[in-house]
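Working notes for the structure below.
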Amino acid sequence: MKALAYDGQVRAYAARTTETVGEAQRRHQTWPTASAALGRALTAGVMMGAMLKGDETLTIKIDGGGPIGTILVDSNAKGEVRGYVTNPHVHFELNEHGKLDVARAVGKNGMLTVVKDLGLRDFFTGQVPIISGELGEDFTYYFASSEQVPSSVGVGVLVNPDHTILAAGGFILQLMPGTEEKTIDQIERRLQTIPPVSRMVESGLTPEEILEELLGKGNVKVLETLPVAFVCRCSRERIADALISLGAQEIQDIIDKEGYAEASCHFCNETYHFTKEELKQLKQLADAKKA
Ligand SMILES: [Zn+2]
């Protein structure tokens, strides 16, 4: 949900991503701490995607030097998001706040990078050092430092004992230039007293109700809502094209050594299998392309 508040002084986004993060967890078989890290990044990513227009896309790369490795998230303006982590099997004891220890999994020694593809070879790249590893604070810092927009980002994921996702969601509040001090004070006070956003989602609050908790009832003017989902753009054709681009000799080597090919998409973990006969066809296509 996209909204305005306080007569347009505040731009606000909220998302419920329980299903989206659940799909990521099923596809990548992430353990709880890794699920929380990936889920927080996916949730921030889908809301940042909603800030784009038309066919613009966004890629977030988080490299904190921790055991989870790299978190990569891709999103667009249509509410579609996909993502993965290098090491999905990462889990630790809960931290001193009784929460999944995302900072320990992500690490604090590295960078958060955002690349926006704005079309016609127009790219925006923003990069900030990771300051907390909890990701909400890191995205808050990214907006303030790289985009010069004072913001507050909250993202959270709750995981069931069987590793499925109980609740996931988030919000982004952004102050427009000239926001009054008293508005900022009111929002800051509310941010200190509200429950974690994952708990608000768990208790059944809608995105509009979450924004009302954050900004006060009567202050929120809804602009637009859109569905969000884990969607990958990979396809059998794309993987086949990648094989063809290896060249005829390489394909022949695969035929000789393995007799088949199997390739998985990093983003969604879908596996594509090619038989010997199919590889021979791809080899012919590679030959034709060369000629
Ligand atoms: Zn895929």
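Working only within the stretch 176-216, note down all residues that are aliphatic (A, V, I, L, M) and closer than 23 Å to residue 147 by Cβ.
Within the stretch 176-216, 176, 184, 187, 191, 197, 210, 211, 214, 215 meet the criteria.
If I filter the stretch 2-46 down to residues being touching a residue at least 40 places away in the same chain (Cβ under 8 Å) and at positive phi, which single residue comes out as surrounded by the fewest Cβ atoms within 10 Å (Cβ to Cβ)?
Filtering the stretch 2-46 for residues that are touching a residue at least 40 places away in the same chain (Cβ under 8 Å) and at positive phi, the one surrounded by the fewest Cβ atoms within 10 Å (Cβ to Cβ) comes out as 8.
Residue by residue through the stretch 106-140, note down the ones that are among the aromatic types (Phe, Trp, Tyr) and surrounded by fewer than 17 Cβ atoms within 10 Å (Cβ to Cβ).
Within the stretch 106-140, 123, 124 meet the criteria.
Looking at 127, 25, which one is under 14 Å from the mean Cα position of the chain (by Cα), outside any loop (DSSP other than H, G, I, E, B) and in the same structural domain as residue 204 (by TED's automatic domain parsing)?
25
Can you report the number of residues in the stretch 247-277 which are more than 16 Å from the ligand (Cβ to nearest atom) and without any contact (Cβ under 8 Å) to a residue 12 or more places away in the chain?
7
Scan (1) crowded, with 19+ Cβ neighbours inside 10 Å; (2) outside any loop (DSSP other than H, G, I, E, B); (3) within 16 Å of the ligand (Cβ to nearest atom) for the single condition residue 242 breaks and write down its number.
Going through the list (1) crowded, with 19+ Cβ neighbours inside 10 Å; (2) outside any loop (DSSP other than H, G, I, E, B); (3) within 16 Å of the ligand (Cβ to nearest atom), residue 242 breaks only (1).
Sort out which residues of the stretch 59-89 are surrounded by fewer than 23 Cβ atoms within 10 Å (Cβ to Cβ), more than 16 Å from the ligand (Cβ to nearest atom) and hydrophobic (A, V, I, L, M, F, W, C), and write them in order of number.
Of everything in the stretch 59-89, just one residue is surrounded by fewer than 23 Cβ atoms within 10 Å (Cβ to Cβ), more than 16 Å from the ligand (Cβ to nearest atom) and hydrophobic (A, V, I, L, M, F, W, C), namely 77.
The values are calculated or read from the model by the stated rules, or taken from the named source; none is laboratory data. All of these numbers come straight from a predicted model, not from anything done at the bench. Because the Cβ atoms are built from the backbone with ideal geometry, glycine has one as well, and the counts that use them run over all protein chains shown.
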